[in-house]
Every structure is written in structure tokens, then in C-alpha cells.
Amino acid sequence: MENQTIISEFILLGFHTELQIQFLIFVVFFITYMLTVLENLIIISVVKGSRSLHKPMYFFLGNLSILEIWYVSVTLPKFLVDIWTQNKIISFHNCMTQLYFFISLMCTECVLLAVMAYDRYVAICNPLCYPIIMTDRLCFLLGVLPWLSGFSISFIKIIFISRLSFCSPGIINHFFCDISPVLNISCTDMSIAEFVDFILALVILLIPLSVTILSYIFIIASIFRIPTTQGKKKAFSTCSSHLIVVSVFYGSLVFVYALPKKEALREADKIFSVIYTVLTPLINPLIYSLRNKEVKEALRRGIIKAIYK
Ligand SMILES: *[C@@H]1O[C@H](CO)[C@@H](O)[C@H](O)[C@H]1NC(C)=O
């Protein structure tokens, strides 16, 4: 540990495979990126553009789409350029900036998914009280809370992480600057940073996760009380698709951040992080927004209006 020089640049290994496979990865990630940005832009303009969607649930969906666009833009463009130019170097500042925005947006997403689950819980379990509970003010607060908590928790984390020193060779075995690959290559004692990271991860993961799980338990319980099979089926199909995306997102986060690591699992980490960096932003808008009847209807009206204008 002693004789190492402090460095100001890192090497991001990415996926170290043959050139053909790198090219394939490039094409797949490029298409995924374009699709993600496109579908989320469509959702934002539909939510903003139609009067019928000016309701809390759709504000949250609009926020989710803004979040997803930003989220994929923090990691993917840089990664694509890196593959294209075969450049593996990232400066310390760029790495910390990427890490900061990545953690912020990931935490924001955790809280936003919980807010959306809570909103559905109130709407489904207390439909008569919904307008009284979900006032404009509460809706605004719930819309701001994810961003505020995400960006401030990430700020604390990044202060601790950026004060560590990193020694040569500074090779990060990942395709972007994520927390554990960066913490892994620090050469100072990082027990405090790791401890802070762990506590904050508990707060920002466990609280939203419990709110989400509780909300869905109540929702499912009330679905069973719906008298008609038709209504039961419909409510259950919406609810189960939400549950699937939420559990895949949290599941991959827990796998990568919470489980103790063996060297052999590091490669698996890379694959799993593709789930929450690339797949979730692509799938979420499809499941949450584009399957929604009112959104589909508004989209159809929007297209017709655009054609006949
Ligand atoms: C995001 O949420 C805020 C507060 O609820 C809302 O005012 C805003 O319109 C939302 N953004 C979009 C694009 O829906």
C-alpha cells in the first residue's frame, strides 16, 4: 500500500470481450438508448399535452419518464463513445460526477416507485377519500420528495467517497463508475465510507421498499374483495406487472449492493447492473404508462390530431 502513487485518472475496463462482441454490445445498447429516450419523450408530451391526464398519478408517471431519460443519459452515452473510440480512460472528476448523478437518480427512482405505489394504494383502497387525501399540496410534496431525498443522500455519499485516495493502477472493472467498483479500488482505509454507504443504502432502499411492499399487500388484499371476476382480473393484471418491475429493480439492486462479494461474482455484478441501468428505464414506461388505458387513449387522440392538423 505504501509505495503507490495517487492517481487522477481511472481505467474503465467495460466488458472485456472480443471486438465483434463489443460491436454487438454497442449496437444493442445504442438501440436501447434511443428507444428509451424516445418512448419516455412520448410519455412526457402525452402527459403534458392532454387535459384528461392532469392527475397526480400521471404527474408521477411524467416525473418517472424525465427521471429515466436522465438516468440512462448518465451512463450510456459515455459508455457508447468509449466502445466506439476504444478509450478506457476517465478522469477522477468525471468519474465522481457520473457517480454522483447515478446514485442520485437511482435513489430518486427508489423513492418515486414507493410514492407511486402509495398513490395507487390510496386510490384503490380509499377511492372515496382520494381527492381529500391527495390534495394539490400533497401531490406536489410527493412529487418533489424523491428528487430532494435522492440528490441529498447522494451528496453525502459522494463527499465520503471523493475524499478517499485512489492509487495506481486504478483499474475499475465495470462499464461506468458505480459505487462498489469504485470503492473496491481505493487504497485508503474506507471503513467509514463503506459504513456511511451502507447506512444510507439501508435508509434509501429499505424505507421505500417497505412502503412499496406494504402498499401492494393492501392493494392485493382489496383486489380479492372485488366481487366480479372480470374486475379482479383487470386489477390483478395491472398490479402484478407493477410488482414484477419493482421486484426486478430492487432485486438487482440488492444483489449488486447488499450481498457480500466473492471475486467470481464480480462478472455477474456487471450483468446484473445492466438490469437496473439499461433494462429498467426501457421497460418501466412500457409497463407503467403505455399499458395504461387513459394514456393509450390520450396518445391515440394526440396522433389523430397531429395527422389531421
Ligand atoms: C412532476 O411532478 C410535479 C409535482 O407533482 C408536477 O408539477 C410536474 O408536472 C411533474 N412533471 C411531469 C412531466 O409530469
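Would it be correct to say that Tyr276 is at pLDDT 85 or above and within 22 Å of the chain's Cα centre (by Cα)?
Details: at pLDDT 85 or above: yes; within 22 Å of the chain's Cα centre (by Cα): yes.
In short, yes.
With the requirement that a residue be near the ligand (Cβ under 10 Å from one of its atoms) and hydroxyl-bearing (Ser, Thr, Tyr), what does the range 26-60 give you?
Across the range 26-60, the qualifying residues are Ser45, Tyr58.
Each row is one residue, and each column tells you yes or no for (1) surrounded by 19 or more Cβ atoms within 10 Å (Cβ to Cβ); (2) at pLDDT 95 or above.
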position	(1), (2)
His93	no, no
Tyr100	yes, yes
Asn126	no, no
Cys129	no, no
Met134	yes, no
Leu145	no, yes
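For residues that are assigned to a helix (DSSP H, G or I), among the charged types (D, E, K, R) and away from the ligand (no atom under 14 Å from the Cβ), tally how many sit in the range 125-173.
Total meeting the criteria: 1.
I need the full set of residues from the range 16-33 which are hydroxyl-bearing (Ser, Thr, Tyr) and open to solvent by less than 50 Å² (accessible area, probe 1.4 Å), in order please.
We begin by selecting, within the range 16-33, every residue hydroxyl-bearing (Ser, Thr, Tyr); these are 17, 32-33.
Within the range 16-33, Thr32, Tyr33 qualify.
Looking at the range 212-309, what helices (runs of 4 or more DSSP H) fall wholly within it and have at least 1 residues that are exposed (fewer than 15 other Cβ atoms within 10 Å of the Cβ) and touching a residue at least 60 places away in the same chain (Cβ under 8 Å)?
On the way: elements: 229-253, 265-274, 280-285, 293-308.
In the range 212-309, 265-274, 293-308 are the helices (runs of 4 or more DSSP H) which contain 1 or more residues that are exposed (fewer than 15 other Cβ atoms within 10 Å of the Cβ) and touching a residue at least 60 places away in the same chain (Cβ under 8 Å).
Would the range 106-113 turn up any residue that is under 26 Å from Ile185 (Cα atoms) and either open to solvent by 20 Å² or more (accessible area, probe 1.4 Å) or in a helix (DSSP H, G or I) (or both)? Let's see the steps before the verdict.
Looking only at the range 106-113, we keep the residues that are under 26 Å from Ile185 (Cα atoms), and these are 106-107.
Narrowing further to those that are either open to solvent by 20 Å² or more (accessible area, probe 1.4 Å) or in a helix (DSSP H, G or I) (or both): 106-107.
Within the range 106-113, one or more residues are under 26 Å from Ile185 (Cα atoms) and either open to solvent by 20 Å² or more (accessible area, probe 1.4 Å) or in a helix (DSSP H, G or I) (or both).
Test of understanding: among Ser45, Ser50, Ser8, which residue is in contact with a strand residue (DSSP E or B) (Cβ under 9 Å, 6 or more places away or on another chain) and of a type in the set (Ser, Thr, Tyr)? Working first, answer last.
On the way: Ser45 fails: in contact with a strand residue (DSSP E or B) (Cβ under 9 Å, 6 or more places away or on another chain); Ser50 fails: in contact with a strand residue (DSSP E or B) (Cβ under 9 Å, 6 or more places away or on another chain).
Only one candidate qualifies: Ser8.
What's the number of the only condition in (1) in a helix (DSSP H, G or I); (2) loosely packed, with under 14 Cβ neighbours inside 10 Å that Asp189 fails to meet?
Failed condition: (1).
If you scan the range 35-56, which residues turn out to be crowded, with 18+ Cβ neighbours inside 10 Å and closer than 27 Å to Ile133 by Cα?
If the condition is that a residue be crowded, with 18+ Cβ neighbours inside 10 Å and closer than 27 Å to Ile133 by Cα, then Ile43, Ile44, Val46, Val47, Ser50, Leu53, Pro56 are the ones that fit.
Taking into account only those residues within the range 10-25 that are among the β-branched types (Val, Ile, Thr) and assigned to a helix (DSSP H, G or I), which is nearest to the ligand (Cβ to nearest atom)?
First, the residues of the range 10-25 that are among the β-branched types (Val, Ile, Thr): 11, 17, 21, 25.
Going one step further and asking which of them are assigned to a helix (DSSP H, G or I), we end up with 21, 25.
Working: Ile21: 38, Ile25: 31 Å.
Among them, the one singled out is Ile25.
Would you pick out the residues in the range 67-90 that are over 9 Å from Leu12 (Cβ atoms) and of a type in the set (A, V, I, L, M, F, W, C)?
Once the filter is applied, which keeps residues that are over 9 Å from Leu12 (Cβ atoms) and of a type in the set (A, V, I, L, M, F, W, C), the range 67-90 yields Leu67, Ile69, Trp70, Val72, Val74, Leu76, Leu80, Val81, Ile83, Trp84.
The values are calculated or read from the model by the stated rules, or taken from the named source; none is laboratory data. Just so it is clear, the model here is predicted, and its values are computed rather than measured. Glycine also receives a Cβ, built like all others from the backbone with ideal geometry; neighbour counts cover every protein chain displayed. Accessible surface is based on the protein model in full, side chains and every heavy atom, while ligands, DNA and RNA are left aside. Shrake-Rupley method; radii C 1.70, N 1.55, O 1.52, S 1.80 Å.
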